[in-house]
Amino acid sequence: MARYGKEHKQQTRQRIIAAAGRRLKQDGIDGSGVAALMADADLTNGAFYAHFGSKDELVAAAVADQLRSQQEWIGALAGTGRAGLEQIAREYLSPEHRDNLGGGCASAALLDEIGRCNEATRMSYTDGVMGVVDALAAVLVDQPDRNTAHMTALGIYALLTGTLQLSRAITDRKLADEILEQGIANTLALPGVPDG
């Protein structure tokens, strides 16, 4: 029987994590069993335990991976000030993002469930969110000090996430779209956001 090398094992693990990230955001943590998560990665259930000790371990890894991707997306706009923040707000609070649960933000899709997860998952989430907040702070170049930029970025992330969640929950499509637009305006009006 041929053995796979470390690189193959790492690629397979990453494929599981990426597939789990999409499934968890689409169906929720409680709504995603190991069988479905592995099927999405085109693997058998038996392969799961070669990569993860438990579903909780996979959830923590998937959440960290999703937030790392979000951090990279935001980090690409470092130093762009108000224009970069507006781009982030418009993309994040777009109807396309709202309607793409599986491809969207892990925070907006999973926040209520993460609060009930084990400490390791919550710590993974906390670390990931702080990375996203740091990336947002780096977009806000006109801040007088790092602490002010960080606190402003934390408020921005909370506003974006909550706005997206509210828009997703509203059945009236026109009102849901108005919530997104108001969220963009509110983001750009927050104290500490650079002037245009």
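Report Rg(Cα)/(2.2 N^0.38 Å) for the chain, keeping two decimals. Mind showing how you got there, number by number?
Numbers: Rg = 18.2 Å, N = 196, 2.2 N^0.38 = 16.3 Å.
Cα-based Rg divided by the globular estimate yields 1.11.
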Seminar exercise, completed: Length gained if Ala50 through Ala185 is fully extended, taking 0.36 nm per residue and subtracting the Cα-Cα distance, is 43.8 nm
Exercise. Which helices, counted as full DSSP H runs in the chain, have an axial Cα extent of no less than 15 Å and a Kyte-Doolittle average of 0.5 or above?
Worked result: 119-139
Exercise. Put a dot 7 Å past each Cα toward the Cβ at Asp27 and Leu101; how far apart are the dots in nm?
Worked result: 1.1 nm
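Mind checking the full-extension length gain between Glu119 and Thr148? Use 0.36 nm per residue of separation minus the Cα-Cα distance, one decimal, nm.
Working: separation 29, 0.36 × 29 = 10.44 nm, distance 2.85 nm.
Length difference between fully extended and current span is 7.6 nm.
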Seminar exercise, completed: One finds the C-alpha centres of the range 174-192 and the range 58-76 to be spaced, in Å, by 24 Å
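So what's the back-of-envelope 222 nm ellipticity for the chain, counting only DSSP H runs of four-plus at -39500 (n - 2.57) apiece and dividing by all residues, rounded to 500?
Details: 10 runs with 142 residues, N = 196.
It lands at -23500 deg cm²/dmol.
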Seminar exercise, completed: When Ser32, Ser107 are ranked with the fewest other C-beta atoms within 10 Å first, the list becomes Ser32, Ser107
For this session: May I ask for the distance between the Cα centers of the range 104-158 and the range 17-52, given as a whole number of Å?
Result: 25 Å
For this session: Pull out the extension gain between Ala78 and Ala169, defined as 0.36 nm times the separation in residues minus the alpha carbon to alpha carbon distance; nm, one decimal.
Result: 29.6 nm
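Are there trypsin sites (Lys or Arg not before Pro) in the range 44-147 that DSSP puts in a loop and that have at most 12 other Cβ atoms within 10 Å, and which ones? Intermediate results must be reported in sequence, preceding the final value.
Details: sites: Lys55, Arg68, Arg82, Arg90, Arg98, Arg116, Arg122, Arg146; in loops: Arg116.
Taking the range 44-147 and a limit of 12 other Cβ atoms within 10 Å, the loop trypsin sites (Lys or Arg not before Pro) found are Arg116.
Bear in mind that the values in this text are calculations on the coordinates, not laboratory data. No experiment lies behind these values; they were computed from the predicted model shown. Cβ atoms come from the backbone with ideal geometry, glycine included; neighbour counts cover every protein chain shown.
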